[in-house]
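Each remark here refers to the structure printed beneath this line.
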Amino acid sequence: MEQGFNNIDDLLRNSLDDYQVRPSAKVWKGVSRSLFFSGMGKIIMLISGVVVLSVAAYLYWGYSNVGETSGSSVEATEIGRTQNEDMVSSETGIEGQKQIVGKEKGVNHENAGLSENDNITKDKNLPGKPNNELGPRTEDVSSVEISTTGKTGEVNDVILATAAPAPAIANVTVQKNIPQKVYPGLPRLSGESPMERMAIKTLDANYLFRQYNPIANINERTLFNGLQGFPEIDYGRAKLFSYGVYVSPEVIFMNDEAKTRKLQLNFDAVMNYKPNEGFYLQGGLGIGVSQDDGRYNVDYEQYDSVGYYYEVNSYTIDPATGKPVFKTSIENVYDTVAYNKLSLTGNRYTYLRMSGFMGYRVHYAKSFSVFVKGGLTYSILINSYEPNPELTNGDALNLKITKETAQRINDTWQASVGVGFNYRLSNSITLTGEPMFNYYLRPVYERRYNAKNPYSLGLKLGLLLKF
Amino acid sequence: MTVDEKIIQGCIAGKRRAQNQLYKAFAPGMLGVCMRYCMNRAEAEDVLQEGFVKVFRYIENFRSDGSFEGWIRRIMVNTAITNYNKRSKVHHEEINENTLSSEDETSGDKVYLPVDREILMRLIQQLPDGYRMVLNLYVFEGYKHREISGILGISENTSKSQLSKARKYLKNEMEKLEKVKNLQY
């Protein structure tokens, strides 16, 4: 015979105190993941971030300084010395003249106006340039002249001719040490306008200034910023990295039975690494703000009228008919009535987004290019705004509010694919529009709501900047 | 259940294998605890996961003078209570004091026969949240109504009322089951 229990508490304790159920594998995975992100994983991620930033910084600065600092301080000293010694000999040596002329011939292709008869002289009459001192170097350089017609030309003309191939200016004894890629953008400078001539002059001065002062880093782009008509100086590094800001409205299809759709607005800052013309990598950090409905089922009771009845106050007998005539009044009947209503609120959730994409250019025509891109975005819920339902009924009794909104999970992954349409407004600014399809690798709601993985369509609009 | 000291030390050192061994040893029992506090298994697994993360995070705080299983169990119960408070932070339930039952539900002539554990668990999970929390804390954890009122932020009378109603509900449901059982035979 089965043993019974005298009270229900004993029954519960006896039956369920040692109740065991084997959890699903997902639980341990979740525990492991949480421990990783909260323990050593944080340190690993921090170190990884520092390494990535360091590599990026090295690539950025390392590449950008190749042409600018390849001339060492030793070479710079030699330049100063040759102004006093070697340059003098080169002026008088026939071989030296040939070398210079040969070099200037190359220049002539880029800068019309120079002939094979060109030679270089040194103007010792320009003021403020003692030959036996190193500085100011910029003035020393600008004093070098080229005579295009066999006689000494104007200073401006001279500067134009020598400045165009910057190595030639530093010239004669050190030109072999100066990389040919010092001013890759210079061929575009024709020197036709005064603005360009001034630019070239300053470029040369700046270049040699840095030769003498390797730690000095004057950016020509900064120098000429705001000068209209001055053509872009392209140092190559701008093609390697670019930076962008995106705003992307997104419609999320929750993939539930009710076919619910939610709106999300993302703001992202990205950095693009473009090792070659076709392929690029993109890393980004941003904020996503998502809207959702807060659903609350409100049960309450209220003392309310449920009907009425006729209260007989008195009666008389009608003498004519002999029937009673009742005098009545209407009395309302009140009782506690149960009510239920659905209350909706506007919830808002803010996510921190970290994204990684790769893309490939599939079409290019003039300023317009088309890319295909794909990648992953990791989102962490950083803020939830869930206002309580407003209840204005002061007569409500036994109020019971049940939250029916599904609980959002703290983090999720999205896999995204899309097409990018870029339109280059200038060498430094590109307008981009990217229709994207995003698939959530995890539901945005907790598992207990049997949520399915949603997907979304979004349009990323942004500006890419090359510095 | 006893646990090897090496496993605990491994967990303190953050070794994943030790953590996994500890998890395997205690997870089934703790899921049973969590299921009593939650409305379904999925929610219970969420609580279990969160609870074990806390266990591993704070395991160095465990003092070996007490039962390790009891320590884990307390963490699970606290996590379940936190989950309940978070989920029902706008769940206001005002109990009409007139509904307070004066009868002692724990005593009487009725003899309760053992019920299938899965069914009993299901019945507990079907209880309204508040009833379920009070029932668990009172019956299984041994808290007094005054303590429960402090833990859940309700009045002592509400705690008593909810316990009474929970028992009544379970009693009715078990009687129904018994009737069905009798009909089958």
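Calculate how large, on average over all directions, the projected area of the Cα convex hull of segment A:251-309 is; give the answer in nm² to one decimal.
Dividing the Cα hull surface by four gives the mean projection, 8.7 nm².
Which FRET efficiency value, to the nearest 0.05, is calculated for A:V51 and B:E141 with the Förster distance at 56 angstrom and r the Cβ-Cβ distance?
0.70
Determine the dipole magnitude for segment B:5-87: charges of +1 sit on the beta-carbon of Lys and Arg, -1 on that of Asp and Glu, nothing else is charged, the reference point is the Cα centre, and the result goes in debye to the nearest 20.
120
Once segment B:5-87 is represented by equal point scatterers at the alpha-carbon sites, with solvent omitted, what log10 I(q)/I(0) does the Debye formula produce at q = 0.21 Å⁻¹?
Taken in order of the listed q values, log10 I(q)/I(0) reads -0.93.
In nm, what is the difference between 0.36 nm times the number of residues separating A:K452 and A:K323 and their Cα-Cα distance?
Between A:K452 and A:K323, full extension yields 39.0 nm more.
Do any of A:K341/A:K460; A:K400/B:K168; A:K259/B:K165; A:K341/B:K171 go past 28 Å between their Cα atoms, and which?
From the list (A:K341/A:K460; A:K400/B:K168; A:K259/B:K165; A:K341/B:K171), the Cα-Cα distance tops 28 Å for A:K341/A:K460; A:K259/B:K165; A:K341/B:K171.
To the nearest hundred square angstrom, how large is the accessible surface buried between A and B, total for both chains, probe 1.4 angstrom?
4700
Which far-off residues, 5 or more places away or on another chain, put their amide H under 5 Å from the one on A:L397, with H placed in the peptide plane?
Amide H neighbours of A:L397, under 5 Å, 5+ apart: A:E301, A:Q302.
Tell me, what is a quarter of the convex hull surface for the C-alpha atoms of segment A:237-364, in nm² with one decimal?
Numbers: hull surface 67.1 nm².
Taking a quarter of the hull surface, the average projection is 16.8 nm².
On average, how many beta carbons from a partner chain sit within 10 Å of the beta carbon of a residue in B:135-145?
2
Other chains near B:38-50: what is the mean number of their Cβ atoms within 10 Å of each residue's Cβ?
On the way: counts 1, 1, 3, 5, 7, 5, 4, 8, 8, 1, 7, 10, 4.
For peptide B:38-50, the averaged partner shielding equals 5.
Listed here are the pairs A:K452/B:K176; B:K6/B:K86; A:K262/B:K86; which of them are more than 30 Å apart at the Cα?
Numbers: A:K452/B:K176 36 Å; B:K6/B:K86 36 Å; A:K262/B:K86 23 Å.
As for pairs spanning more than 30 Å Cα to Cα, those are A:K452/B:K176; B:K6/B:K86.
The values are calculated or read from the model by the stated rules, or taken from the named source; none is laboratory data. Keep in mind it's a predicted model, so treat the numbers as computed, not measured. Neighbour counts run over all protein chains shown; Cβ positions are idealised from the backbone, glycine included. In case anyone asks, the SASA skips ligands and DNA or RNA and just uses the protein heavy atoms, side chains included. Shrake-Rupley method; radii C 1.70, N 1.55, O 1.52, S 1.80 Å.
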